[in-house]
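Peer 1: Below is a structure I'd like to ask you about.
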Amino acid sequence: MIYADHAATTKLSQTAIHAMLSCMEENWGNPSSLYRFGQKAAEALNEARERIAACIGAEPGEIYFTSGGSEANNQAIISAAKNGERKGKKHIISSAFEHHAVLHTLKKLEKEGFQIELLPVHENGTIHPEQVADAIREDTCLVSIMYANNEIGSILPIPEIGVICRERKVPFHTDAVQAIGHIPVDVKAQNIDLLSLSAHKFHGPKGAGVLYARRGIFLTNLIEGGAQERGKRGGTENLPAIMGMAAALKEACCHMEENNKKILLLRTQLIEGLSKIPHAALNGDLQHRLPGNVSFCFEGIEGESLLLLLDDKGICASSGSACTSGSLDPSHVLLAIGRPHEVAHGSLRLSLGAENTEEEVAQILKAVPEVVEYLRNISPLWKDKQCGKKAFIL
Ligand SMILES: *Cc1c(COP(=O)(O)O)cnc(C)c1O
């Protein structure tokens with residue numbers, strides 16, 4: 001099997017497994033208990049908090065453990081909205097190609113009377129900092145722009161947006177789930193007030209994540225309960241998963257440069273190879289791009305059929321986001337960068353990790369053109385395009 005879907009999830013690293021197993025076997029106490037066995041668990045929790053804080057340039061007291069990226073996004077946005085509402089500020093700026101955990105939270109707030117402004121995304125998958133500057137109003141209570149897009153891999157100008165938000169005194173949240181562990185992020189240097197990350201996107205366990213909230217930034221609870229997470233997130237901490245997350249993040253950050261050197265080489269080979277397919281186009285920007293992301297649209301095919309045929313050849317890939325698979329709507333991300341519906345349906349995302357090999361890339365480069373050609377040959381629409389009855393788009 002060739003796994004090329006690291007943007008959907010990643011395999012647990014051995015380091016993470018080891019950290020989790022030893023926690024489950026030896027350190028299973030409740031961190032809130034006062035006896036020594038409980039305090040041993042509390043110490044481990046603190047160490048994990050320190051380790052994660054160090055990886056993103058935060059202080060341990062600014063790290064809140066959550067059940068993942070989705071919960072962190074929900075809590076960040078709802079907190080900023082509640083705080084804004086108290087001051088009569090109900091305008092929120094975000095972008096059209098955010099993850100659904102952001103977009104659906106904003107939809108909910110819109111029903112509660114908030115004004116949501118989704119900035120349009122440029123063809124190359126970016127937002128210009130000036131768009132944010134121009135959109136900020138007296139009553140803006142939050143800017144939420146993702147660090148890197150999960151489908152097309154574009155990296156956004158977060159430090160520049162951070163400067164603008166700090167100057168205008170507007171809280172700035174970034175969904176950095178695709179960035180953390182893959183490219184350097186520093187919340188202090190980049191003026192980030194709120195940030196979401198998720199362990200299973202950097203070889204940690206599923207169901208664990210972090211909300212970073214800068215000291216002094218208002219947080220409200222999604223989950224009421226005990227005094228865990230300084231009263232901001234009730235519930236006994238998932239210590240094994242947190243230990244796995246901390247170990248995985250430290251490992252990812254320590255090996256980031258060497259991993260990326262290798263991954264970039266594979267990405268370049270894939271992009272060059274797939275670009276040779278006629279009527280195909282790369283999605284997103286070639287420069288400002290996550291090291292592992294390859295995203296293409298192929299005219300005249302259905303992404304879902306492409307995935308099934310690639311699965312037959314042992315290749316795990318994705319089309320649009322995993323969350324939209326199962327619905328017939330094309331990806332909102334591809335529509336946001338201006339791909340017409342018909343083209344957006346024929347998308348393929350390959351996301352690489354350090355475990356992928358040149359041999360695997362060669363196999364993918366053999367399989368994808370074959371499958372695309374096969375699907376085009378059985379498509380009546382494609383025949384119409386070839387004989388000139390319909391125009392090609394790409
Ligand atoms: C995966 C992902 C999420 C959701 O994280 P979970 O931990 O799976 O809830 C949010 N945002 C982005 C950009 C993602 O890629």
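Peer 1: State the antiparallel share, in %, of DSSP beta bridges confined to region 165-290, rounding to the nearest 5.
Peer 2: In region 165-290, DSSP labels about 60 percent of beta bridges as antiparallel.
Peer 1: Helices from the chain with mean Kyte-Doolittle at least 1.0 and a Cα length along the axis of 15 Å or more, per DSSP H: which?
Peer 2: 239-254
Peer 1: Based on DSSP, what percent of beta bridges with both residues in the chain are antiparallel, to the nearest 5?
Peer 2: 55 percent
Peer 1: Have a look at 158, 287, 172 and report the one farthest towards the positive end of the charge dipole of the chain, computed about the Cα centre with Cβ charges (Lys/Arg +1, Asp/Glu -1).
Peer 2: The Cα lying farthest towards the positive end belongs to 172.
Peer 1: Also, I was wondering about something else. Quote the charge dipole size of region 159-304 about the Cα centre in Debye, to the nearest 20; the model charges only the Cβ of Lys and Arg (+1) and of Asp and Glu (-1).
Peer 2: 520 debye
Peer 1: Let me ask something additional. At a probe size of 1.4 Å, how large is the accessible area of residue 186, to the nearest 10 Å²?
Peer 2: 60 Å²
Peer 1: For the chain, what is the mean residue ellipticity at 222 nm derived from helices alone (per DSSP H run of n ≥ 4: -39500 (n - 2.57); sum divided by total residues; nearest 500 deg cm²/dmol)?
Peer 2: Calculated from helices alone, the mean residue ellipticity at 222 nm is -13000 deg cm²/dmol.
Peer 1: How much solvent-accessible surface does residue 245 expose, in Å² to the nearest 10, with a 1.4 Å probe and all protein chains in place?
Peer 2: It works out to around 0 Å².
Peer 1: From the residues 126, 185, 141, which one has its Cα farthest along the dipole of region 83-192 in the positive direction, the dipole being from +1 and -1 charges on Cβ of Lys/Arg and Asp/Glu about the Cα centre?
Peer 2: Going by the charge dipole, the pick is 141.
Peer 1: While we're on this one: Quote the charge dipole size of region 284-394 about the Cα centre in Debye, to the nearest 20; the model charges only the Cβ of Lys and Arg (+1) and of Asp and Glu (-1).
Peer 2: 480 debye
Peer 1: Report relative contact order for the chain in percent, whole number only (criteria: Cα-Cα under 8 Å, sequence separation at least 6).
Peer 2: About 22 percent, as a whole number.
Peer 1: A further question on this structure: Scan around residue 208 for amide H atoms under 5 Å from its own, H built in the peptide plane at 1.01 Å from N, and keep only partners 5 or more places away or cross-chain.
Peer 2: For residue 208, whose amide H was placed from the backbone, the distant partners under 5 Å are 199, 200.
Peer 1: Could you give the size of the charge dipole of the chain about its Cα centre, using +1 on the Cβ of each K and R and -1 on the Cβ of each D and E, expressed in debye and rounded to the nearest 20?
Peer 2: 700 debye
Peer 1: Would you tell me the accessible area of residue 118, worked out with a 1.4 angstrom probe on the heavy atoms of the protein chains, in Å² to the nearest 10?
Peer 2: 80 Å²
Peer 1: So, one more: Using a 1.4 angstrom probe on the protein heavy atoms only, could you order 382, 28 from most to least accessible area?
Peer 2: The ranking, largest first, comes out as 28, 382.
Peer 1: So what is the relative contact order for region 1-127, in percent, with contacts set as C-alpha pairs under 8 Å and at least six apart?
Peer 2: 14 percent
Peer 1: Still on this structure, I have one more. In whole Å, what is the distance between the alpha-carbon centres of region 143-174 and region 72-103?
Peer 2: Here the two parts' Cα centres lie 13 Å apart.
Peer 1: Continuing with this model, one more query. Name the long-range amide H neighbours of residue 390: under 5 Å, sequence gap of 5 or more, or other chain; modelled H, no Pro or chain starts.
Peer 2: The answer is 385.
Peer 1: Sort 229, 85 by heavy-atom solvent-accessible area, probe 1.4 angstrom, most to least.
Peer 2: Ranking 229, 85 by accessible area, largest first, yields 85, 229.
Peer 1: If you plug each phi of region 207-212 into the Karplus form 6.51 cos²θ - 1.76 cosθ + 1.60 with θ = phi - 60°, what whole-Hz ³J(HN,Hα) values come out, in order, with x for Gly and Pro?
Peer 2: After applying 6.51 cos²θ - 1.76 cosθ + 1.60, I find x, 9, x, 9, 10, 8 Hz.
Peer 1: Next up: Holding the Cα-Cα limit at 32 Å, pick out from 250/313; 201/232; 11/40; 87/201; 107/232 the pairs that are longer than that.
Peer 2: Pairs exceeding the cut-off: 250/313; 87/201.
Peer 1: Still on this structure, please answer the following. Roughly speaking, what is the centre-to-centre gap between region 278-299 and region 186-255 when only Cα atoms are used, to the nearest Å?
Peer 2: Region 278-299 and region 186-255 have Cα centres spaced 31 Å from each other.
Peer 1: Over region 290-394, what is the relative contact order in whole percent, taking alpha-carbon pairs under 8 Å and six or more residues apart?
Peer 2: Reported as a whole number, the value is 39 percent.
Peer 1: Positive end of the charge dipole of region 47-108 (Lys, Arg +1 and Asp, Glu -1 on Cβ, about the Cα centre): tell me which of 91, 103, 65 has its Cα farthest that way.
Peer 2: Projecting each Cα onto the dipole axis, the largest value belongs to 91.
The values are calculated or read from the model by the stated rules, or taken from the named source; none is laboratory data. As the structure is a computational prediction, the values presented were derived from the model and not from experiment. Cβ sites come from the backbone with ideal geometry, for glycine too, and all protein chains shown count toward neighbours. For the accessible areas, the whole protein counts, side chains as well, though only heavy atoms, and no ligand, DNA or RNA atoms are used. Shrake-Rupley method; radii C 1.70, N 1.55, O 1.52, S 1.80 Å.
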